[in-house]
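Heads up: the structure comes next, in C-alpha coordinates.
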Amino acid sequence: MRLPTPKDLRERRTSLELTQSELAERAGVSQPLIARIEGGDVDPRLSTLRRIVEALDEAEGDVVRAETLMHEDVISVAPDDAVSHAVQKMQDAGYSQLPVITNGVPVGSISDSDVVHAGEDVGDHPVRDVMSESFPTVSEDATLDEISSLLDHYKAVMVTKDGETVGIITQADVAARIS
(Lines give C-alpha, C1' and ligand atoms only; values in the text may rest on other atoms or scores of the structure.)
Protein backbone atom coordinates (compact mmCIF):
# COMPACT_ATOMS: atom_id res chain seq x y z
CA MET A 1 0.00 0.00 0.00
CA ARG A 2 1.43 3.33 -1.07
CA LEU A 3 0.91 6.25 1.31
CA PRO A 4 0.10 9.61 -0.27
CA THR A 5 2.64 12.41 -0.09
CA PRO A 6 1.69 15.93 1.05
CA LYS A 7 1.67 16.94 -2.64
CA ASP A 8 -0.68 14.01 -3.48
CA LEU A 9 -3.11 15.09 -0.75
CA ARG A 10 -3.10 18.73 -1.92
CA GLU A 11 -3.59 17.77 -5.59
CA ARG A 12 -6.40 15.38 -4.77
CA ARG A 13 -8.14 17.92 -2.53
CA THR A 14 -7.94 20.66 -5.14
CA SER A 15 -9.10 18.33 -7.94
CA LEU A 16 -12.21 17.64 -5.84
CA GLU A 17 -12.64 21.39 -5.38
CA LEU A 18 -12.49 21.11 -1.60
CA THR A 19 -11.07 23.84 0.59
CA GLN A 20 -8.73 22.92 3.42
CA SER A 21 -11.53 23.79 5.85
CA GLU A 22 -14.02 21.49 4.09
CA LEU A 23 -11.55 18.60 4.09
CA ALA A 24 -10.70 19.25 7.74
CA GLU A 25 -14.38 19.14 8.69
CA ARG A 26 -14.97 15.90 6.75
CA ALA A 27 -11.88 14.28 8.33
CA GLY A 28 -12.55 15.58 11.84
CA VAL A 29 -9.27 17.48 12.09
CA SER A 30 -8.36 21.19 12.13
CA GLN A 31 -7.77 23.30 9.02
CA PRO A 32 -4.32 24.39 10.24
CA LEU A 33 -3.34 20.70 10.51
CA ILE A 34 -4.40 20.11 6.89
CA ALA A 35 -2.33 23.14 5.85
CA ARG A 36 0.72 21.92 7.78
CA ILE A 37 0.41 18.37 6.37
CA GLU A 38 0.03 19.64 2.79
CA GLY A 39 2.97 21.98 3.33
CA GLY A 40 5.13 19.11 4.55
CA ASP A 41 5.66 20.82 7.92
CA VAL A 42 4.17 17.99 9.95
CA ASP A 43 4.22 14.23 9.62
CA PRO A 44 0.72 13.04 10.61
CA ARG A 45 -0.09 9.95 12.62
CA LEU A 46 -1.28 7.05 10.49
CA SER A 47 -4.77 7.25 12.00
CA THR A 48 -5.02 10.93 11.04
CA LEU A 49 -3.76 10.25 7.53
CA ARG A 50 -6.31 7.45 7.18
CA ARG A 51 -9.17 9.79 8.21
CA ILE A 52 -8.01 12.36 5.65
CA VAL A 53 -7.76 9.78 2.85
CA GLU A 54 -11.18 8.34 3.76
CA ALA A 55 -12.66 11.85 3.70
CA LEU A 56 -11.19 12.34 0.22
CA ASP A 57 -12.51 8.94 -0.89
CA GLU A 58 -15.99 9.81 0.36
CA ALA A 59 -15.83 13.13 -1.42
CA GLU A 60 -15.07 11.22 -4.61
CA GLY A 61 -17.88 8.82 -3.92
CA ASP A 62 -15.43 5.91 -4.03
CA VAL A 63 -16.23 4.54 -0.60
CA VAL A 64 -18.99 1.97 -0.65
CA ARG A 65 -20.39 1.18 2.78
CA ALA A 66 -22.13 -1.92 4.12
CA GLU A 67 -25.41 -0.04 4.47
CA THR A 68 -25.58 0.43 0.68
CA LEU A 69 -24.61 -3.18 -0.12
CA MET A 70 -26.66 -5.10 2.42
CA HIS A 71 -29.99 -6.85 2.07
CA GLU A 72 -32.18 -5.72 4.94
CA ASP A 73 -34.57 -8.66 4.54
CA VAL A 74 -32.49 -11.38 6.20
CA ILE A 75 -33.79 -14.90 5.69
CA SER A 76 -32.65 -16.91 8.69
CA VAL A 77 -33.45 -19.81 10.99
CA ALA A 78 -33.28 -20.25 14.75
CA PRO A 79 -31.11 -22.81 16.55
CA ASP A 80 -34.25 -24.68 17.70
CA ASP A 81 -35.72 -24.97 14.18
CA ALA A 82 -35.64 -28.41 12.58
CA VAL A 83 -32.92 -29.01 10.02
CA SER A 84 -35.64 -29.95 7.52
CA HIS A 85 -37.18 -26.49 8.01
CA ALA A 86 -33.80 -24.86 7.32
CA VAL A 87 -33.32 -26.95 4.18
CA GLN A 88 -36.78 -26.00 2.95
CA LYS A 89 -36.08 -22.30 3.59
CA MET A 90 -32.79 -22.53 1.67
CA GLN A 91 -34.51 -24.27 -1.25
CA ASP A 92 -37.40 -21.77 -1.30
CA ALA A 93 -35.01 -18.81 -1.28
CA GLY A 94 -32.49 -20.37 -3.66
CA TYR A 95 -29.66 -20.02 -1.13
CA SER A 96 -26.99 -22.53 -0.19
CA GLN A 97 -26.59 -21.16 3.35
CA LEU A 98 -28.51 -19.20 5.96
CA PRO A 99 -27.56 -17.36 9.14
CA VAL A 100 -28.78 -18.80 12.43
CA ILE A 101 -30.16 -15.96 14.56
CA THR A 102 -31.44 -15.78 18.13
CA ASN A 103 -33.20 -12.59 19.29
CA GLY A 104 -31.62 -10.62 16.44
CA VAL A 105 -28.11 -11.84 17.22
CA PRO A 106 -26.19 -14.08 14.77
CA VAL A 107 -25.19 -17.28 16.58
CA GLY A 108 -24.23 -19.57 13.71
CA SER A 109 -24.81 -20.52 10.10
CA ILE A 110 -26.15 -23.55 8.28
CA SER A 111 -25.33 -24.59 4.74
CA ASP A 112 -26.15 -27.39 2.34
CA SER A 113 -22.74 -28.88 3.04
CA ASP A 114 -23.35 -28.81 6.83
CA VAL A 115 -26.49 -30.88 6.29
CA VAL A 116 -24.75 -33.30 3.91
CA HIS A 117 -21.84 -33.79 6.32
CA ALA A 118 -24.25 -34.41 9.21
CA GLY A 119 -25.42 -37.59 7.51
CA GLU A 120 -28.81 -39.20 7.11
CA ASP A 121 -31.84 -38.75 9.33
CA VAL A 122 -30.96 -35.26 10.64
CA GLY A 123 -34.16 -33.64 9.36
CA ASP A 124 -35.87 -33.71 12.75
CA HIS A 125 -32.77 -32.59 14.65
CA PRO A 126 -32.45 -28.97 15.72
CA VAL A 127 -30.30 -26.69 13.56
CA ARG A 128 -27.89 -26.20 16.49
CA ASP A 129 -26.79 -29.86 16.07
CA VAL A 130 -25.42 -29.29 12.56
CA MET A 131 -24.75 -25.55 12.33
CA SER A 132 -21.32 -24.02 11.77
CA GLU A 133 -19.77 -20.87 13.17
CA SER A 134 -21.54 -17.57 12.65
CA PHE A 135 -20.70 -15.36 9.72
CA PRO A 136 -18.54 -12.40 10.77
CA THR A 137 -20.29 -9.16 11.67
CA VAL A 138 -19.57 -5.60 10.57
CA SER A 139 -21.17 -2.25 11.26
CA GLU A 140 -23.20 -0.35 8.67
CA ASP A 141 -20.24 1.92 7.96
CA ALA A 142 -17.78 -0.89 7.13
CA THR A 143 -16.12 -0.29 3.76
CA LEU A 144 -16.26 -2.48 0.66
CA ASP A 145 -12.56 -3.28 1.13
CA GLU A 146 -13.17 -4.52 4.68
CA ILE A 147 -16.17 -6.57 3.58
CA SER A 148 -14.32 -8.05 0.60
CA SER A 149 -11.48 -9.16 2.87
CA LEU A 150 -13.95 -11.04 5.06
CA LEU A 151 -15.73 -12.57 2.07
CA ASP A 152 -12.40 -14.08 0.98
CA HIS A 153 -12.81 -16.43 3.96
CA TYR A 154 -16.56 -16.56 4.68
CA LYS A 155 -19.71 -17.12 2.60
CA ALA A 156 -21.47 -14.04 3.98
CA VAL A 157 -21.08 -11.06 6.32
CA MET A 158 -23.76 -9.99 8.79
CA VAL A 159 -24.38 -6.28 9.29
CA THR A 160 -25.30 -5.35 12.85
CA LYS A 161 -26.35 -2.20 14.63
CA ASP A 162 -26.32 -2.05 18.43
CA GLY A 163 -25.71 -5.82 18.46
CA GLU A 164 -28.78 -6.68 16.35
CA THR A 165 -28.79 -7.96 12.79
CA VAL A 166 -29.90 -5.34 10.26
CA GLY A 167 -28.62 -6.91 7.04
CA ILE A 168 -26.54 -9.49 5.20
CA ILE A 169 -23.97 -9.23 2.41
CA THR A 170 -22.81 -12.14 0.24
CA GLN A 171 -20.10 -12.53 -2.38
CA ALA A 172 -22.80 -12.18 -5.06
CA ASP A 173 -23.75 -8.74 -3.69
CA VAL A 174 -20.15 -7.53 -3.92
CA ALA A 175 -19.69 -9.03 -7.39
CA ALA A 176 -22.86 -7.30 -8.59
CA ARG A 177 -21.65 -3.96 -7.18
CA ILE A 178 -18.21 -4.26 -8.77
CA SER A 179 -19.58 -5.23 -12.18
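The values are calculated or read from the model by the stated rules, or taken from the named source; none is laboratory data. Everything numeric here is computed off the predicted structure, so don't read it as measured data. Don't worry about glycine lacking a Cβ; one is built from the backbone with ideal geometry, like all the others, and counts go over all protein chains shown. These accessible areas exclude ligands, DNA and RNA; they are computed on the full protein's heavy atoms, side chains included. Shrake-Rupley method; radii C 1.70, N 1.55, O 1.52, S 1.80 Å.
Couple of notes before you dig in:
- Free of any GluC sites (Glu not before Pro) that DSSP assigns to a loop and that have at most 15 other C-beta atoms within 10 Å, the longest stretch within the chain is 18-71.
- Carbon and sulfur %, accessible surface of the chain computed with the full protein complex present, 1.4 Å: 46
- The chain: C-alpha pair distances exceeding 24 Å, %: 51
- Kyte-Doolittle mean at least 1.6, axial Cα span of 30 Å or more - DSSP H helices of the chain: none
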